[in-house]
1. Look through segment 73-104, keep the residues that are in contact with a Leu (Cβ under 9 Å, 6 or more places away or on another chain) and over 20 Å from residue 189 (Cβ atoms), and return whichever of them is modelled with the highest pLDDT.
2. Given the criteria open to solvent by 30 Å² or more (accessible area, probe 1.4 Å), among the β-branched types (Val, Ile, Thr), in contact (Cβ under 8 Å) with a residue 24 or more places away in the chain and under 25 Å from residue 140 (Cβ atoms), does residue 90 qualify?
3. For segment 132-152, give me the residue count where each residue is surrounded by fewer than 16 Cβ atoms within 10 Å (Cβ to Cβ) and touching a residue at least 24 places away in the same chain (Cβ under 8 Å).
4. Run residue 120 past the list (1) charged (D, E, K, R); (2) at pLDDT 95 or above; (3) within 28 Å of residue 207 (Cβ to Cβ) and report the number of the one that doesn't hold.
5. If I filter segment 109-121 for residues that are in a strand (DSSP E or B), polar (S, T, N, Q) and touching a residue at least 40 places away in the same chain (Cβ under 8 Å), do I get at least one hit?
6. What residue, among those in segment 180-206 that are at negative phi, part of a loop (DSSP other than H, G, I, E, B) and in contact with a helix residue (DSSP H, G or I) (Cβ under 7 Å, 6 or more places away or on another chain), is surrounded by the fewest Cβ atoms within 10 Å (Cβ to Cβ)?
7. Looking at 3, 39, 10, 90 in this structure, which one is closer than 23 Å to residue 205 by Cβ, of a type in the set (A, V, I, L, M) and out of contact with any helix residue (DSSP H, G or I) (no Cβ under 6 Å at 6 or more places or on another chain)?
8. How many residues does segment 154-179 contain that are surrounded by 12 or more Cβ atoms within 10 Å (Cβ to Cβ) and either among the charged types (D, E, K, R) or out of contact with any Lys or Arg (no Cβ under 9 Å at 6 or more places or on another chain) (or both)?
Amino acid sequence: MDIEDKFGYIATLLGDKARAIMLWSLLDGKAYTATELAICANISKQSASNHLAKLLEAQLLAVEKQGRHRYYRLANPRVAQVIESMASLIPDSQIKSINTKPKSQNIVYARTCYDHLAGELGVKITSALIKNNILTQNDNKYIVTTYGLKWFSALNINIAELKLKKRSFAHKCLDWTERRHHLAGSLGAALLEYMICNDWIRKKNNTREVLITSLGIKELNDKLELFRK
């Protein structure tokens with residue numbers, strides 16, 4: 001099979017509606033059973049199992065067995081990046097209609113994108129990190145400045161350790177609702193984890209939506225002047 005055939009096969013896998021919905025559902029970073037993913041895609045468990053087998057074979061998913069259950073998750077952050085990036089192909093006119101729907105406004109404002117923060121809040125924080133000379137940009141990557149090393153160290157985020165991880169350190173992820181970039185990679189994941197652990201933001205059950213707390217508003221104001229006019 002040549003490269004065109006391999007690409008075509010992956011595109012075919014992603015082009016199926018049921019598989020696309022299951023992959024989209026897994027963007028919250030959690031692992032789900034075949035039954036749970038079947039409910040998400042509104043298909044039978046048997047059909048879901050067949051779809052999941054194909055995604056496993058293509059190494060788009062990984063599976064872990066615990067007791068009598070098998071839990072499926074995205075194979076790696078690269079898969080999540082591709083899935084999220086595909087949403088940026090939705091025409092601007094359709095994105096605007098999504099943004100105005102009451103049920104969509106919260107998830108448009110702040111949500112998780114696999115293991116990092118996205119939405120309007122994620123873009124604003126990334127922009128503030130650049131404005132405050134904590135990050136600089138270089139092509140598709142972000143670079144931590146000398147001041148940024150101290151800033152992240154104050155949050156107990158070890159930049160040297162993050163760079164040793166077998167994944168992207170700090171790359172640009174195109175936000176499909178904002179049409180601008182937010183911080184992804186191991187640094188983006190570490191920052192999200194810090195904000196959750198310190199109650200700056202809170203995850204909502206059964207959704208990718210996150211809520212910013214009053215403490216989070218205060219801390220982001222103090223550290224990044226995020227909400228000051």
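The values are calculated or read from the model by the stated rules, or taken from the named source; none is laboratory data. On a predicted model such as this, the values are computed, not experimentally measured, just so you know. Here the Cβ is made from the backbone with ideal geometry for all residues, glycine too, and neighbour counts use every protein chain on show. Note: areas computed on protein heavy atoms with side chains; ligands, DNA, RNA excluded. Shrake-Rupley method; radii C 1.70, N 1.55, O 1.52, S 1.80 Å.
1. 86
2. On the way: open to solvent by 30 Å² or more (accessible area, probe 1.4 Å): yes; among the β-branched types (Val, Ile, Thr): yes; in contact (Cβ under 8 Å) with a residue 24 or more places away in the chain: yes; under 25 Å from residue 140 (Cβ atoms): yes.
Yes, satisfied.
3. So the count comes out to 4.
4. Of (1) charged (D, E, K, R); (2) at pLDDT 95 or above; (3) within 28 Å of residue 207 (Cβ to Cβ), only one is false for residue 120: (2).
5. yes
6. From segment 180-206, those at negative phi are 180-184, 186-198, 200-205; that's our starting set.
Still in the running and part of a loop (DSSP other than H, G, I, E, B): 180, 198, 200, 204-205.
Subset that is in contact with a helix residue (DSSP H, G or I) (Cβ under 7 Å, 6 or more places away or on another chain): 180, 200.
Details: 180: 14, 200: 21.
Result: 180.
7. The conditions single out 39.
8. Our first condition is that a residue be surrounded by 12 or more Cβ atoms within 10 Å (Cβ to Cβ); within segment 154-179, this holds for 155, 157-159, 162-163, 165, 167-178.
Remaining after also requiring either among the charged types (D, E, K, R) or out of contact with any Lys or Arg (no Cβ under 9 Å at 6 or more places or on another chain) (or both): 157-159, 162-163, 165, 167, 172-173, 175-176, 178.
Residues meeting the conditions: 12.
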